[in-house]
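Chemist: The structure that follows is given in the form of structure tokens.
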Amino acid sequence: MSALTAQSMMRQLFDDMRKVYRGETQVNALTVVFLGALTGRPVYLMGEHGSYKSSMVRAIASSFSKNVLILSKTCSTPEEIRAAVEAVAEPLTWRVGTAATGSPSPVSLADDLEANLVAGVDVAYRERGNAVNVTFEVDLERFDFARDKSTANKALAKWLAEGFEKPVIVSRRLSAFLKQVTPEDEVNDVMGKPERVRALLGIKPPHLHKRAYLVGADVALLDEVTSNPRLVASLHTALNEGTVNFEGLGEAQVRPYLIAAAANPENRNYKTNIGIKNYASLDRFSFSALTTAPPAEEVAGGPGSIEEALRELERKPPVPVSILAKARRDTASVRIPEGALSWVDALLNAMDSCYFSTSTSKRAEKKSSPFLREHDCNLCVYKSTCMASMGAISTTRAKIAIKEGAQALAYLDGESEVKQRHVVEAALVTLPHRVNWGREMLEESGGDVYECTKTLLQRFSALHTTKQVRDGLAKIASAGPGEISKVLAEVGDHHLLRSVADARSVYTQHHASSDAETMSDSQGQGSSEAQAAEEAQNGRGV
């Protein structure tokens with residue numbers, strides 16, 4: 001399938017869903033959901049109740065289908081169960097073509113498979129008298145053996161020879177796990193239910209129930225997730241490492257095609273939404289959007305209503321999830337022109353740099369993180385040019401999200417190359433939720449972090465295009481190692497230029513040391529080779 005075909009199908013699906021979720025803020029939220037699907041990154045939806053946040057995520061799940069291989073065998077002893085698990089595990093490790101290297105060990109996979117910890121496979125143990133029927137449901141999109149006909153036939157022959165019932169392949173829409181989180185929920189109420197009490201297991205091995213839980217879902221939405229700090233901690237690991245630890249079983253893989261969190265606005269009208277102040281948590285979500293409820297006239301009724309459009313969407317045949325997988329690969333290869341993200345680097349470096357200095361104190365010699373200091377920015381001499389006083393941010397995940405978001409937006413637009421509008425649009429959905437906004441910015445916007453982001457980009461653009469900054473950035477970019485301080489003294493005492501200069505200095509020092517290490521290694525290797533040649537010539541080499 002060509003990239004154009006996958007691209008056009010994803011665009012068509014987006015257009016179909018936009019007929020349902022048609023308001024401006026709903027289109028923004030729908031775009032964020034598609035960015036999450038195209039990049040595999042988690043997204044954060046904020047909005048009042050009744051704004052169709054859950055509906056969008058459920059609609060994404062029902063718009064895609066997957067092929068599922070069902071394998072089944074009845075076993076009478078724990079040893080037979082283990083043998084059945086190993087028989088299934090081995091073909092799941094097979095790789096074809098260039099992916100053949102680095103295949104996982106069938107034994108290690110069998111251990112995880114037996115406990116039902118492997119993403120893309122659901123293992124169920126059902127008692128039948130004194131025996132146990134073991135059923136494996138395998139998402140064929142996630143395993144390499146299914147991509148090659150001869151390899152798939154080899155696996156089929158193996159399973160039949162091992163006494164499995166004839167395998168069946170069925171097409172299913174993606175499963176959706178949507179959960180309204182409460183403060184009382186335990187982690188296992190959301191993530192998965194372990195079964196490990198030996199007296200209740202019989203001959204079944206300890207294992208995880210993950211159907212109807214987040215770990216086993218293809219698409220997941222956790223609503224009001226911030227109301228439960230214990231769950232947030234577990235979600236951190238799931239988002240960072242792609243795993244959830246279950247005591248006594250091990251680490252279950254978490255690989256949904258889309259994972260989203262939702263929250264109502266943070267104000268007195270929503271008592272379940274505790275103060276969202278943990279920016280380390282919000283930083284895990286790549287993209288976010290604010291959505292509002294549609295007009296009452298559009299919600300229900302005859303032709304043209306949202307409910308009618310939703311029914312029409314549900315009647316359309318689902319798109320194979322292989323198209324989404326292809327679209328992800330193509331999105332990652334969308335070209336980013338050189339320099340397209342340079343202003344993003346300057347903005348993020350400035351928002352992550354604090355040089356707090358008063359008119360009566362000595363200028364700060366080194367930058368510090370805005371998250372590590374508390375002070376009144378109104379007293380700082382850099383107030384007029386300081387982006388960190390408007391809003392502070394940690395650069396790492398923000399830069400990655402803007403890059404990937406711009407590629408995904410270009411892909412949805414049918415482009416093969418990122419344009420500047422895509423970078424700006426990506427910044428508008430990447431920054432709002434992860435910035436620690438200054439009090440003045442929040443007061444100006446009435447507490448709307450999305451309006452804060454627009455104001456921030458407008459002010460940065462005005463600052464970034466002044467002659468002093470343009471000339472200073474050009475000189476800093478061309479400065480070599482050891483020249484940054486001299487250049488900074490020439491261009492003037494300016495917060496934005498100081499932050500860019502500091503980042504440039506770290507970059508040049510790192511690359512200078514890396515080049516020196518490479519040179520040293522190559523010289524050392526040359527000396528070793530010369531010594532080996534001399535020893536060989538003298539009859540001492542091996």
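No value in this document is a laboratory result; all are computed from the given coordinates. Fair warning: this is a prediction, and the values are worked out from it, not measured in the lab. Cβ atoms come from the backbone with ideal geometry, glycine included; neighbour counts cover every protein chain shown.
Chemist: Taking the Cα centre of each part, how many Å lie between region 363-401 and region 295-314?
Modeler: Each part's Cα centre sits 47 Å from the other's.
Chemist: Suppose every K and R has +1 on its Cβ and every D and E has -1 on its Cβ; what is the size of the dipole of the chain about the Cα centre, in Debye to the nearest 20? Working shown, then result.
Modeler: Numbers: 63 positive and 67 negative charges, 114 e Å.
With Lys and Arg at +1 and Asp and Glu at -1, about 540 debye.
Chemist: With only Lys, Arg, Asp and Glu charged, each at its Cβ (+1 for the first two, -1 for the last two), find how big the charge dipole of region 64-253 is about the Cα centre; round to the nearest 20 debye.
Modeler: 660 debye
Chemist: What shape does region 178-218 have by the C-alpha gyration tensor, where a ≥ b ≥ c are the square roots of the eigenvalues, rounded means a/c under 1.5, and otherwise prolate means a/b greater than b/c and oblate the rest?
Modeler: Note, shape of region 178-218 comes out oblate.
Chemist: Along the charge dipole of the chain, which of Asn349, Pro194, Ser461 sits closest to the positive end, that is, farthest toward it, with unit charges on the beta carbon of Lys, Arg, Asp and Glu (+1, +1, -1, -1)?
Modeler: Ser461
Chemist: Assigning unit charges at the beta carbon (Lys, Arg +1; Asp, Glu -1) and nothing else, what dipole magnitude in debye, to the nearest 20, does region 342-502 show about its Cα centre?
Modeler: The dipole magnitude comes to about 420 debye.
Chemist: Treating only the Cα positions of region 281-345 as identical point scatterers, give the base-10 log of I(q)/I(0) from the Debye formula at each q in 0.21, 0.25 Å⁻¹.
Modeler: -1.00, -1.06
Chemist: Calculate the radius of gyration of the Cα atoms of region 64-253 to one decimal place, then report Dmax, the largest Cα-Cα distance, as a whole number, both in Å.
Modeler: Expressed in Å, the Cα Rg and Dmax of region 64-253 come to 17.2, 52.
Chemist: What are the extents of the Cα atoms of region 148-218 along their three principal axes, listed from largest to smallest and rounded to whole Å?
Modeler: Principal-axis extents of the Cα atoms in region 148-218, largest first: 51, 35, 16 Å.
Chemist: Here's another thing I want to ask about it. According to the square roots a ≥ b ≥ c of the eigenvalues of the Cα gyration tensor, what is the shape class of region 1-70, taking rounded for a/c under 1.5, prolate for a/b larger than b/c otherwise, and oblate for the remainder?
Modeler: Numbers: a/c = 1.93, a/b = 1.49, b/c = 1.29.
Prolate is the answer for region 1-70, as a/c is 1.5 or above and a/b outweighs b/c.
Chemist: In the chain, what % of DSSP beta bridges are antiparallel (nearest 5)? Spell out each step's value before the answer.
Modeler: Numbers: 32 of 54 bridges.
Taking every DSSP beta bridge within the chain, about 60 percent pair in antiparallel fashion.
Chemist: For region 312-429, just the Cα atoms, rotate onto the principal axes and tell me the three extents in Å, largest first.
Modeler: Result for region 312-429: principal-axis Cα extents of 69, 33, 19 Å.
Chemist: Suppose a student asked you for the relative contact order of region 342-502, using Cα pairs under 8 Å spaced at least 6 residues apart; what percent would you report?
Modeler: The normalised contact order for region 342-502 reaches 24 percent.
Chemist: Additional query: Please compute the Kirkwood hydrodynamic radius of region 427-514 from all pairs of different C-alpha atoms, in Å with one decimal.
Modeler: It works out to 14.8 Å.
Chemist: While we're here: Loop only per DSSP, at most 13 neighbouring Cβ atoms within 10 Å: give me the trypsin sites (Lys or Arg not before Pro) in region 11-64, ordered by residue number.
Modeler: Lys19
Chemist: Just need the Rg to Rh number for region 342-502, please, alpha carbons only, Kirkwood Rh.
Modeler: Result: Rg/Rh = 0.98.
Chemist: Only Cα pairs under 8 Å and at least 6 apart count here; give the relative contact order of region 64-253 as a rounded whole percent.
Modeler: About 26 percent, as a whole number.
Chemist: Above 25 Å lies some portion of the pair distances; for region 47-160, what is it as a whole percent of all C-alpha pairs?
Modeler: Taking all Cα-Cα pairs of region 47-160, the fraction more than 25 Å apart is 34 percent.
Chemist: Suppose we keep just the alpha-carbon trace of the chain; what are its Rg and Dmax in angstrom?
Modeler: Answer for the chain, Rg first and Dmax second: 27.7, 95 Å.
Chemist: Placing +1 on the Cβ of each Lys and Arg and -1 on the Cβ of each Asp and Glu in the chain, which of His49, Tyr213, Phe287 has its Cα farthest towards the positive end of the resulting dipole?
Modeler: In the chain, that residue is His49.
Chemist: Give the relative contact order (percent, whole number) for the chain; include only Cα pairs under 8 Å separated by 6+ residues. Present the calculation step by step, with values, prior to reporting the outcome.
Modeler: Working: 861 pairs, mean separation 91.7, N = 542.
17 percent.
Chemist: In addition: Please work out the C-alpha center-to-center distance from region 435-513 to region 12-61 and express it in whole Å.
Modeler: 33 Å
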